[in-house]
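For reference, the structure is listed below as structure tokens.
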Amino acid sequence: MSEETMTHPACQVCGRRLLPGERPTSYLTRDGSDAVVCELCKPRAEAAGWLRPEEADSHRAAGGAPDRRRPRGSMLGGILARRPAVPGGEDRADVVSSPAAPTGRPPSTPPGDETAGTTIPAALVAFNFSDHRRTVAGLSRTLGPPRASALAISAASGDPAVRLTVAWELTWYQWEVSQGSRGPEVRESGKGETIDQLRAPDRTWNLMVDSDGTLQQRAAA
Ligand SMILES: [Zn+2]
């Protein structure tokens, strides 16, 4: 683990690197391992049954088995839950446009590369080689195996792109894979909480997820 990582740990729920001065909250996950959680993700951590270390101690002292009782932070959780988890993004799951897309400059296509867009197999390879795979692996360790889908879409540029959706009971993430100047690029394009926030095509679970976060297509039935 690098020194940088030690100074600014990543939130175990959203994977976001904490900012300097941001105070992480320590939790014990349901399997008893330590986890650092950012302020915005505390409600989700508590909903998943994670406990503050002092709560876990009092549990043990009382001889209680770990259960899903509401931790006493739930009132604070209710307050925080009213705030969007991602500034400006949370309630608009259909936002896929890229603000970074420059106008008036066509995307460069490497010579000899006929397919300017991204196919689902190419998108899965790009995802599996990205750091986002580790986000899926980390969440799977605490939340259990997710469901996942890959959907061919049109990027903001009009080029073919692929939207990947990975969903647990309490949280879901989406990534968009599109052709960048140096090959397929993977970026987080959305996240939310419950599966019913997702559109039906994104809930067509056509992928398998390995415990290390690797996505692969299901064999055709
Ligand atoms: Zn977080």
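Within the range 16-60, if we keep just the residues that are of a type in the set (Lys, Arg) and open to solvent by 60 Å² or more (accessible area, probe 1.4 Å), the residue that is nearest to the chain's Cα centre (by Cα) turns out to be 16.
Okay, residues lined up against (1) assigned to a strand (DSSP E or B); (2) without any contact (Cβ under 8 Å) to a residue 24 or more places away in the chain; (3) touching a His at 6+ places or on another chain (Cβ under 8 Å):
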site	(1), (2), (3)
152	yes, no, no
163	yes, no, no
178	yes, no, no
190	yes, no, no
202	no, no, no
208	yes, no, no
219	no, yes, no
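Listed by first and then second residue, the pairs linking a residue in the range 33-62 that is assigned by TED's automatic domain parsing to the domain that holds residue 16 and closer than 23 Å to residue 135 by Cα to a residue that is more than 16 Å from the ligand (Cβ to nearest atom) and not basic (Lys, Arg), with Cβ atoms under 6 Å apart and 6 or more places separating them unless they lie on different chains, are 46/71; 51/28. Name the residue, out of 16, 44, 52, 30, that is touching a Phe, Trp or Tyr at 6+ places or on another chain (Cβ under 8 Å), within 16 Å of the ligand (Cβ to nearest atom), charged (D, E, K, R) and at pLDDT 80 or above. After ruling out the rest, the residue left standing is 52. I need a count of the residues in the range 145-177 that are out of contact with any Cys (no Cβ under 9 Å at 6 or more places or on another chain) and under 21 Å from residue 46 (Cα atoms). Summing the residues that are out of contact with any Cys (no Cβ under 9 Å at 6 or more places or on another chain) and under 21 Å from residue 46 (Cα atoms) in the range 145-177 gives 8.
The values are calculated or read from the model by the stated rules, or taken from the named source; none is laboratory data. Just so it is clear, the structure is predicted and the values come from calculations on it, not from any experiment. We place every Cβ from the backbone using ideal geometry, glycine too, and count neighbours over all the protein chains shown. Please note that ligands, DNA and RNA were not included when accessible areas were found on the heavy atoms of the full protein model with its side chains. Shrake-Rupley method; radii C 1.70, N 1.55, O 1.52, S 1.80 Å.
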